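What follows draws every value from the coordinates through simple rules; no lab data is involved. It should be emphasised that the depicted structure is a prediction, and the values quoted were computed from it without experimental measurement. Cβ: placed from backbone, ideal geometry, glycine included. Neighbour counts: every protein chain shown.
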Amino acid sequence: MTDTDGATAAGGATWIDSHCHLHHDRTPEGTDAAVADAREHGVVAMITVGCDHESSRAAIAVAAAHDDVYATVGLHPHDASHGVDSIRDLLDAPGIVAVGEAGLDYYYDHSPRDVQRQAFAEQIAIAHERRLPLIIHTRDAWTDTFDVLDAEGTPERTVFHCFTGGPDEARGCLDRGAHLSFSGIVTFKNAADVRSAAALCPLDRMLVETDSPYLAPVPHRGKPNRPAWVGHVGTTIADLRDDPVEEVAAATRSATERVFALGREPRPTDAARG
């Protein structure tokens, strides 16, 4: 069943968008509209992810306003120069379900690499201390990402978000007990390595995401992305694995609920919502 936007309901399958940025100013028609649109397209929960103090605080506010939205607090490698102390005051906010996104980005190098590694290591330590999941962003930095994880110890619940590696990198993540989260990139025909990784990843270690407003999936490339389109990611994975869509949807929902303890974390009170 296809609506006027081309979003696929996939026979009633329901999804969780494990990584989006609902608080971003590029969110089409605003946050409330994006949440409502996602619900209409079978998205039962969304995790809106912080990248620095301002965006983490905004994520917390969005989660406080919507029962099906959860927030994270993190310092993106682009912003590592701000220092991890810049986000510590937000870590006690109610409803936080993860630390991140944290990691390394050697493609842009917006922060010096040694500073990125230090901020990454400190956030790994926070995840251990608080027994929270860790969300990892890594780009052109696989060797150092694995080295820092091995030195600090991979948290029990770790997610490589927007996975962009191939089978070898996927096995490296899985061998460390991590989960892989696939984005709209898996729908791109030139992303053969990512598609191969999605084909080999065990379903119980797989999540799906939009990373909205970035990386809109086929057939919406070039548009601001939205959580409503996460089903395109899941149906593409089902097709390339030759698995039933409902099976992929159920498995990725279950994995996301388990990793982030959704439904078991305390939610903000009505007073906090005001």
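Can you confirm whether residue 157 is over 26 Å from residue 61 (Cβ atoms) and touching a residue at least 24 places away in the same chain (Cβ under 8 Å)?
So residue 157 fails the test.
For the range 217-235, enumerate the residues that are out of contact with any Pro (no Cβ under 7 Å at 6 or more places or on another chain) and either part of a helix (DSSP H, G or I) or small (Gly, Ala, Ser) (or both).
Scanning the range 217-235 gives 222, 227, 228, 230, 231, 234, 235.
If you go through the range 189-211, how many residues are closer than 17 Å to residue 231 by Cβ, within 15 Å of the chain's Cα centre (by Cα) and not β-branched (Val, Ile, Thr)?
Qualifying residue count for the region: 4.
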